[in-house]
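The values are calculated or read from the model by the stated rules, or taken from the named source; none is laboratory data. Remember, predicted model here, so these are calculated numbers, not experimental data. No Cβ is skipped: glycine too gets one built from the backbone with ideal geometry, and neighbour counts run over all protein chains shown. All accessible areas refer to the heavy atoms of the entire protein, side chains included, with ligands and DNA or RNA removed. Shrake-Rupley method; radii C 1.70, N 1.55, O 1.52, S 1.80 Å.
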Amino acid sequence: MTADTFIRVLREEGVKISEYPGWRTRERDDETGLVFGPVRMILNHHTAGRNSRDIVARDGVPGLPPPLAHIHLAKDGVATMCSDGRANHAGPMAVNAYQSFRDEAAVHPAPSKTSGTIDGNDVSYGIETENLGNGTDVYPRAQYDAWVRVNAAICRHYGWSAESVGCHKETSVEGKPDPRGPVEGYGSRGRFEFTPKQLRADVAERLRHERTWSPGEEEDDMPTPAEFAKAVLTLDGVINVPGAPATNPTWTLSSVQTEILKRIDKVAAREASQSAAIAELTKTVAALAENRTEIDADALVARIQQAIESIDIRLETTTG
């Protein structure tokens, strides 16, 4: 991904972004002579320290120059962009483990050094998530939610499944333990222990929804307009659909729409007639008020009765 594409896909997934100064050109390609990519997976880490953004993005650690990941994920869920090129985060990967993520296998074997190694910095995006890594430091809800979103955004962009989401301890031949630790909660779920399997399950669930979805939201079970109309308009006692269902097994919404329009026209015509009768009645009463001596009382009563009898507003609910 280009830097602009990287930011766009993350924001579309609902990730809050911060751009570290110079991140677009900070990489290890030139220094090592190795080209970043093609990228085949995501590798997740914990930082094993506090306030580690500058270390990941700019400073590095003794013996390991920066950048140390592509993204630093803070406790509040803000993802800081640290690099758009090769980053020193993965180290040597066991070939058997790498291939399982590359091929999106359903099972990811324990990393075996005897299978050979590959430079993981060439083939993976690295995410450093702020956590002490001592097994007790908690990943807050906001942080874990953003973690899932970041992984899902990258998978969605490339068309990968959640089986492309890996953790450092699943690929390292050096015995790396990360990530680990308790998670405060996610969606409607309470506290749980972080595991790569659960992270992949949460990413997979997110990929089944639109980018704007949030965990814990109810599924949209609303029927389509056609489904709603069919359910309501064929219900006994509401509107008797002509010929349905016995003689019209190929029920269509258009036939119902036509019948409804016809009945609306009938109601409109009846309303116009009633409005005219009421207007005539109003005119007669007004004349009576102006000149009582010139009004035939019997004729007035008859006209009022006729007008009242014509006020009959009903919606026919049967055919015909």
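How big is the dipole moment of region 13-56 about its Cα centre under a simple scheme where the beta carbon of each Lys and Arg is +1, that of each Asp and Glu is -1, and everything else is neutral? Debye, nearest 20, please. Please report the intermediate quantities before stating the final value.
Values: 7 positive and 7 negative charges, 44 e Å.
Value, rounded to 20: 220 debye.
Let me know the charge dipole size of region 83-148 about its Cα centre in debye, to the nearest 20, where only the beta-carbon of Lys, Arg (+1) and Asp, Glu (-1) is charged.
Working: 4 positive and 9 negative charges, 42 e Å.
So the magnitude is around 200 debye.
Let me know the charge dipole size of region 116-181 about its Cα centre in debye, to the nearest 20, where only the beta-carbon of Lys, Arg (+1) and Asp, Glu (-1) is charged.
That gives a dipole near 260 debye.
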Open item on the list: Could you sort R11, R86, R26 by their accessible area in this structure, using a 1.4 Å probe and putting the largest first?
Closed with: R11, R26, R86
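Specify whether the C-alpha gyration tensor of region 28-183 places it in the rounded, prolate or oblate class, a ≥ b ≥ c being the square roots of the eigenvalues: rounded for a/c under 1.5, otherwise prolate if a/b is larger than b/c and oblate if not. Could you put the intermediate results ahead of the total?
Details: a/c = 1.37, a/b = 1.16, b/c = 1.17.
Because its axes are fairly even, with a/c under 1.5, region 28-183 counts as rounded.
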